[in-house]
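Engineer: Sharing a structure below in structure tokens format, with a few things to ask.
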Amino acid sequence: MFNQNGLSLDQAPPISVVLRFFFSGGLFGILAGVLILFFQNKIFDASTMEAVTLTHTLTLGVMLSFMFAALFQMLPVIAGVTLPLPVKKADLLQYPFLLGVITLLFAFNLSYAWLYLLASLLLGGSILYIIVVMLQNLLKIPHHSASSKGMLFSLLALGIVILLALYLTGTLSGIFPGTHYTHVKESHYAFGLFGWISLLIISISFQVIEMFYVTPAYPKPVSTCLPLSILTILVISTITGLFTPAVTLGVNLLLAVTLTAYALLTLKRLTERKRPLADATVWFWRLGLSSLILSMLFMSISQFTDIQTIHTLSYIFFTSFALSIVFAMFYKIVPFLTWFHLNSQGYFTAPMMHEVIHPKTAKKHLYIHLATITTFILAVFIPAFIFIAGILTIVSFSWMTYQIVHAHLLYKKTQKTGEKFDMKMS
């Protein structure tokens, strides 16, 4: 079911490229938990710098790190794209990216103009660089699948997110007058949440839902038209919103209906899978998709009310959607890659996938993650629960980070002490 007649070791990047992006995402997740303990319930007020800091810790530090890991791995699998010199490209992306995220978090809290400029240089340069590299390779594909085309659109959306962000940081540093600051900020969030995160998850799901869980394929009109439709809606609304702010209401409702329909369809596909046993990753997908439906419901209600609780619940459920799907993919990708690379190197003692990360380990993380989301919801109504939510966030990401370290050590141990097939002819 892989494109290009399967995945070969020549196409796949070294496992270190993928693991290190997951690892940095895990560390930022732990940092997010620490920040929650310090910021407490101020994170629920989107106008505060505490909320802005936590949001970017999660979206940049966590989500973007995880999604870069997925892209480096999924481009060869889904799109048949081979990135030359993947380690060098990962270096040129990750080191300035990590420094840029940390610089931006300091800039939010210290408000020094030079910090905003440095963060813009580091983040803008590194992210736009990898976007250009990946788009160049995607555009060379003669025949696109729905997933590869969707990834192309999601990368375009990420590029727009970064360009809008550069205008915002330029305004905060005093370079731009900020005439359209509020509208650009709203468009920045919209492209980030719906155009980048949602689009990438949707695009990857067109193939991995069928591939991993043996379900019927998505209807062709959905897989063909949905990603482009979402991107088009966002582009048009950003342009028209400069002149007619009221258009935002209609756009948000249209996006809510569209994403809810996608979530319901995917949930239906998961009920139709040919493998009856449901592992933890299936439940991560179900939790994520259910959270997306609830997020869109609360977002729709929030268009007609100023009640802060409604807005907050929409953000919490969207975060649950994004992280649940990321965890689902993580528990599929890491065990497979560890086995795949060692097996391809000829080690017949390569650990099986369940020996890298046992299914029960993933299920325990599912319970931790579900408890984390539940305590965040409770904290909206009972403030003291925010401390439990912060601690569980640290536990959740520490649990995942440990699995990465364990997989890496197991990989290195097998390379050092494992036995290979004797390829010599007798």
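The values are calculated or read from the model by the stated rules, or taken from the named source; none is laboratory data. Owing to the predicted nature of the structure, the values given are computational and were not obtained by experimental measurement. A quick note on method: Cβ atoms are made from the backbone with ideal geometry, for glycine too, and the neighbour counts reach across all protein chains shown.
Engineer: Quick one: how many residues across the stretch 348-359 are surrounded by fewer than 19 Cβ atoms within 10 Å (Cβ to Cβ) and more than 13 Å from residue 283 (Cα to Cα)? Show your work before the answer.
Structural biologist: At the first step, the residues of the stretch 348-359 found to be surrounded by fewer than 19 Cβ atoms within 10 Å (Cβ to Cβ) are 348-349, 352-355, 358-359.
Subset that is more than 13 Å from residue 283 (Cα to Cα): 348-349, 352-355, 358.
Going through the stretch 348-359 one residue at a time, the tally reaches 7.
Engineer: For the stretch 242-263, what are the residues that are under 27 Å from residue 321 (Cα atoms) and among the small types (Gly, Ala, Ser)? Show your work before the answer.
Structural biologist: Keep residues of the stretch 242-263 that are under 27 Å from residue 321 (Cα atoms), which gives 247-263.
Within the stretch 242-263, 250, 256, 261, 263 qualify.
Engineer: A follow-up question, please. Can you report the number of residues in the stretch 60-77 which are touching a Ser or Thr at 6+ places or on another chain (Cβ under 9 Å) and polar (S, T, N, Q)?
Structural biologist: Going through the stretch 60-77 one residue at a time, the tally reaches 1.
Engineer: Take residues that are of a type in the set (Val, Ile, Thr) and modelled with pLDDT under 90 and tell me which of the helices (runs of 4 or more DSSP H) falling wholly in the stretch 199-309 contain 1 or more.
Structural biologist: On the way: elements: 199-213, 220-241, 247-271, 280-302.
Of the helices (runs of 4 or more DSSP H) lying wholly inside the stretch 199-309, those with at least 1 residues that are of a type in the set (Val, Ile, Thr) and modelled with pLDDT under 90 span 199-213, 220-241, 247-271.
One line per residue, one yes/no per condition, for (1) free of Cβ contacts under 8 Å to residues at least 24 places away in the same chain; (2) charged (D, E, K, R):
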{"position": "193", "(1), (2)": "no, no"}
{"position": "207", "(1), (2)": "no, no"}
{"position": "210", "(1), (2)": "no, yes"}
{"position": "246", "(1), (2)": "yes, no"}
{"position": "254", "(1), (2)": "yes, no"}
{"position": "272", "(1), (2)": "no, yes"}
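Engineer: Pairs needed: first member in the stretch 373-399, without any contact (Cβ under 8 Å) to a residue 12 or more places away in the chain; second member anywhere, aliphatic (A, V, I, L, M) and part of a helix (DSSP H, G or I); C-beta distance under 7 Å; at least 6 residues apart or different chains.
Structural biologist: If the second residue must be aliphatic (A, V, I, L, M) and part of a helix (DSSP H, G or I), the pairs left are 385/378; 385/379.
Engineer: Does the stretch 339-347 include one or more residues that are farther than 24 Å from residue 267 by Cα, touching a strand residue (DSSP E or B) at 6+ places or on another chain (Cβ under 7 Å) and either modelled with pLDDT of 95 or more or among the aromatic types (Phe, Trp, Tyr) (or both)?
Structural biologist: Scanning the stretch 339-347 turns up at least one residue that is farther than 24 Å from residue 267 by Cα, touching a strand residue (DSSP E or B) at 6+ places or on another chain (Cβ under 7 Å) and either modelled with pLDDT of 95 or more or among the aromatic types (Phe, Trp, Tyr) (or both).
Engineer: Something else now. Which condition does residue 167 not pass, out of (1) assigned to a helix (DSSP H, G or I); (2) of a type outside the set (Val, Ile, Thr); (3) out of contact with any Pro (no Cβ under 9 Å at 6 or more places or on another chain); (4) farther than 20 Å from residue 128 by Cα, if it passes all the others?
Structural biologist: If we test residue 167 against (1) assigned to a helix (DSSP H, G or I); (2) of a type outside the set (Val, Ile, Thr); (3) out of contact with any Pro (no Cβ under 9 Å at 6 or more places or on another chain); (4) farther than 20 Å from residue 128 by Cα, just (4) comes out false.
Engineer: Sort through 172, 156, 166, 226 and tell me the only one that's under 25 Å from residue 93 (Cα atoms) and under 19 Å from the mean Cα position of the chain (by Cα). Please lay out each step first, then the result.
Structural biologist: Working: 172 fails: under 19 Å from the mean Cα position of the chain (by Cα); 166 fails: under 19 Å from the mean Cα position of the chain (by Cα); 226 fails: under 25 Å from residue 93 (Cα atoms).
The conditions single out 156.
Engineer: Listed residues 184, 161; which is in contact with a Phe, Trp or Tyr (Cβ under 9 Å, 6 or more places away or on another chain), β-branched (Val, Ile, Thr), free of Cβ contacts under 8 Å to residues at least 24 places away in the same chain and assigned to a helix (DSSP H, G or I)? Spell out the reasoning first.
Structural biologist: Values: 161 fails: free of Cβ contacts under 8 Å to residues at least 24 places away in the same chain.
Of the residues listed, the single one that is in contact with a Phe, Trp or Tyr (Cβ under 9 Å, 6 or more places away or on another chain), β-branched (Val, Ile, Thr), free of Cβ contacts under 8 Å to residues at least 24 places away in the same chain and assigned to a helix (DSSP H, G or I) is 184.
Engineer: Also, quick follow-up: Exactly one of these conditions fails for residue 339: (1) among the aromatic types (Phe, Trp, Tyr); (2) under 21 Å from residue 28 (Cβ atoms); (3) in contact with a Pro (Cβ under 7 Å, 6 or more places away or on another chain). Give me its number.
Structural biologist: So the condition that residue 339 fails would be (2).
Engineer: Among the residues of the stretch 120-146, which ones are more than 21 Å from the chain's Cα centre (by Cα), in a helix (DSSP H, G or I), at pLDDT below 95 and among the hydrophobic types (A, V, I, L, M, F, W, C)?
Structural biologist: 139
Engineer: Considering only residues that are touching a helix residue (DSSP H, G or I) at 6+ places or on another chain (Cβ under 6 Å), without any contact (Cβ under 8 Å) to a residue 40 or more places away in the chain and more than 14 Å from residue 20 (Cβ to Cβ), which ones fall in the stretch 50-99?
Structural biologist: If the condition is that a residue be touching a helix residue (DSSP H, G or I) at 6+ places or on another chain (Cβ under 6 Å), without any contact (Cβ under 8 Å) to a residue 40 or more places away in the chain and more than 14 Å from residue 20 (Cβ to Cβ), then 50, 51, 54, 96, 99 are the ones that fit.
Engineer: Contact list please: Cβ distance under 9 Å, first residue in the stretch 340-363 and part of a helix (DSSP H, G or I) and of a type in the set (Lys, Arg), second residue modelled with pLDDT under 90 and surrounded by 15 or more Cβ atoms within 10 Å (Cβ to Cβ), pairs at least six apart or on different chains.
Structural biologist: Taking only residues 6 or more apart or on different chains, the pairs are 363/279.
Engineer: Separate question: Hey, among 314, 320, which residue is part of a helix (DSSP H, G or I), of a type in the set (Gly, Ala, Ser) and buried (at least 22 other Cβ atoms within 10 Å of the Cβ)? I'd like the intermediate steps shown before the answer.
Structural biologist: Values: 314 fails: buried (at least 22 other Cβ atoms within 10 Å of the Cβ).
Of 314, 320, the one residue that is part of a helix (DSSP H, G or I), of a type in the set (Gly, Ala, Ser) and buried (at least 22 other Cβ atoms within 10 Å of the Cβ) is 320.
Engineer: Another question, if that's okay. Step by step: first the residues of the stretch 243-262, then only those that are hydroxyl-bearing (Ser, Thr, Tyr) and farther than 12 Å from residue 190 by Cβ, then the one that is surrounded by the most Cβ atoms within 10 Å (Cβ to Cβ). Which residue is that?
Structural biologist: Quick first cut of the stretch 243-262, residues hydroxyl-bearing (Ser, Thr, Tyr) only: 244, 248, 258, 260, 262.
Now restrict to residues that are farther than 12 Å from residue 190 by Cβ: 244, 258, 260, 262.
Values: 244: 11, 258: 18, 260: 19, 262: 22.
Top of the filtered list is 262.
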